[in-house]
Amino acid sequence: MIEAFEKSQEPWADVEKYVGRYAGMDFSPDIIDHAKGTYLFTESGEKILDFTSGQMSSTLGHSNPEIVMTLQQTVQRLDHLYSGMLSRPNINLSKNIASKTGGNLKKVIPLSTGSEVNEAALRMAKLVTGKFEVVSFNKSWHGVTQASAGATYASARKSGAPTSPGQLSIPTPYTYRPNFFNSEGEYDWHKELDYGFEMVDAQSVGSLAACIVEPIVSGGGILVPPKGYLAALKEKCRERGMLLIFDEAQTSLGRTGEWFAYQYDDVEPDIFDFIKNIGFGSTLGSISYDG
């Protein structure tokens, strides 16, 4: 059996021969040996403050002792189940998440990665509405699989391959560098949102299913929508019979001061994606919705 941390003399030769790249990205020039707290440690002995993995998922730091202990104890009892079966941790996790979301978001589906969770949310919206068109921000990041990649515009889009049909975008609210102004020269996000949905209506074939956005945009820049924007966006969706999906891969679990970023505007989505940082580095995510 090959050991997971077996070290070869020619690691980059092995990378070129055996390891595929993720979304066309180049790998960093160091092989990471281990991580602890907020730091990464390379095989060459470098200590690097981690502004990448921690941003995405390790809310409590790498190798947090409580998380490690929980994983060790759990995997000794149970490491995998057919999706039609339940365990106590599964039920308790769903109950705990529902207690934090409040409102109508009481049903929870535990899943794994960010792309998978967004795929499931979009599929659910299409099944519920019987429609297929999806609206998202033009600086969005929702994943790299079929439907989630189709709703992504910030990067990794120029693959030359077709995305899911019915992908439409609207301008991302950008308070610092706005493109729409009122007569006083101030940012007019109302005008921008109206313009965005005028374009959506012009391009739609009459099958608008959902709008998926991050309450605070991440991959396209850390952009906070103006107060009232999310409520107005929800109203635009209601007018068209669309479901509103919030993707909180990077803004949940108190990172913004509330349990979830959408709670700042007191705007409840129809479907809520809670991804990545719920697992503190392990593969775990969930969807909450009105059951």
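Descriptive notes on the structure:
- The residues of segment 78-107 that are part of a loop (DSSP other than H, G, I, E, B) and either among the aliphatic types (A, V, I, L, M) or open to solvent by less than 70 Å² (accessible area, probe 1.4 Å) (or both), listed by number, are Leu78, Leu81, Gly84, Met85, Leu86, Ser87, Gly102, Gly103, Leu105.
- Qualifying residue in segment 118-129 (condition: in contact with a Ser or Thr (Cβ under 6 Å, 6 or more places away or on another chain) and in a loop (DSSP other than H, G, I, E, B)): no
- For segment 244-276, a residue qualifies if it is of a type in the set (A, V, I, L, M) and open to solvent by 30 Å² or more (accessible area, probe 1.4 Å), and exactly one does: Leu253.
- When segment 25-55 is filtered for residues that are at pLDDT below 80 and open to solvent by less than 70 Å² (accessible area, probe 1.4 Å), the ones remaining, listed by number, are Ser53, Gly54.
- If you go through segment 164-199 and keep only what is closer than 30 Å to Lys126 by Cβ and in a loop (DSSP other than H, G, I, E, B), you end up with Ser164, Pro165, Gly166, Pro171, Thr172, Pro173, Tyr174.
- Among the residues making up segment 200-222, those that are open to solvent by 20 Å² or more (accessible area, probe 1.4 Å) and either part of a loop (DSSP other than H, G, I, E, B) or within 23 Å of Asp270 (Cα to Cα) (or both) are Asp201, Ser204, Val205, Gly206, Ile216, Gly219, Gly220, Gly221, Ile222.
- Against the test of being β-branched (Val, Ile, Thr) and open to solvent by less than 30 Å² (accessible area, probe 1.4 Å), the options Val75, Val134, Val68 yield a single qualifying residue, Val134.
- Taking the numbered list (1) open to solvent by 10 Å² or more (accessible area, probe 1.4 Å); (2) modelled with pLDDT under 90; (3) in a helix (DSSP H, G or I) in turn, Pro110 passes all entries but (3).
The values are calculated or read from the model by the stated rules, or taken from the named source; none is laboratory data. Note that the coordinates shown come from a computational prediction; the quantities given were computed from them, not determined experimentally. Cβ sites come from the backbone with ideal geometry, for glycine too, and all protein chains shown count toward neighbours. Protein only, heavy atoms only, side chains kept; ligands, DNA and RNA dropped before computing areas. Shrake-Rupley method; radii C 1.70, N 1.55, O 1.52, S 1.80 Å.
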